[in-house]
Amino acid sequence: MKKRNKRRQPQRMCIVCGNKRAKAELIRLALDEKSKVCLDYRQRRRGRGCYVCQRPECLTRVKLASLERAFRRSLPQTAWNPALTMAEALQGRSIQLQEQ
């Protein structure tokens, strides 16, 4: 019997496209103290979170209704700003690539 040397990566599902990927390959969305959706790059923020692919197509297609379903609560209209969040995601992604 062969032993596996690789550690198994936790899998999460993108709330937009439904693809399952390794947790490290996805961006975690979480709620801050004011019930606004924010990007959680370190994946350490408390509370319920949801995951989105790093692809621009998925980030721009996130809807408030899918976030409400993922967070299991109603959110104000101002909780999600797709344009601002997309810019933050691209900026954070470039910072992550520079660190590697």
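Read-outs throughout are calculated quantities, based only on the coordinates presented, and are distinct from any laboratory measurement. These numbers were taken from a predicted model, which means no experiment stands behind them. In this analysis, Cβ positions are derived from the backbone assuming ideal geometry, glycine residues included, and neighbour counts consider all displayed protein chains.
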Report summary line: So for R0 = 22 Å, FRET eff. of Arg42-Thr78 from the Cβ-Cβ r, to 0.05, ends up at 0.35
Query raised in the report: Using θ = phi - 60° and the Karplus curve 6.51 cos²θ - 1.76 cosθ + 1.60, what whole-Hz ³J(HN,Hα) does each residue of region 46-55 get, with Gly and Pro shown as x?
Result: 6, x, 5, x, 9, 10, 9, 4, 7, 5
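Quick check: residue separation of Ala24 and Ala65 times 0.36 nm, minus the Cα distance between them. What number comes out in nm?
12.3 nm
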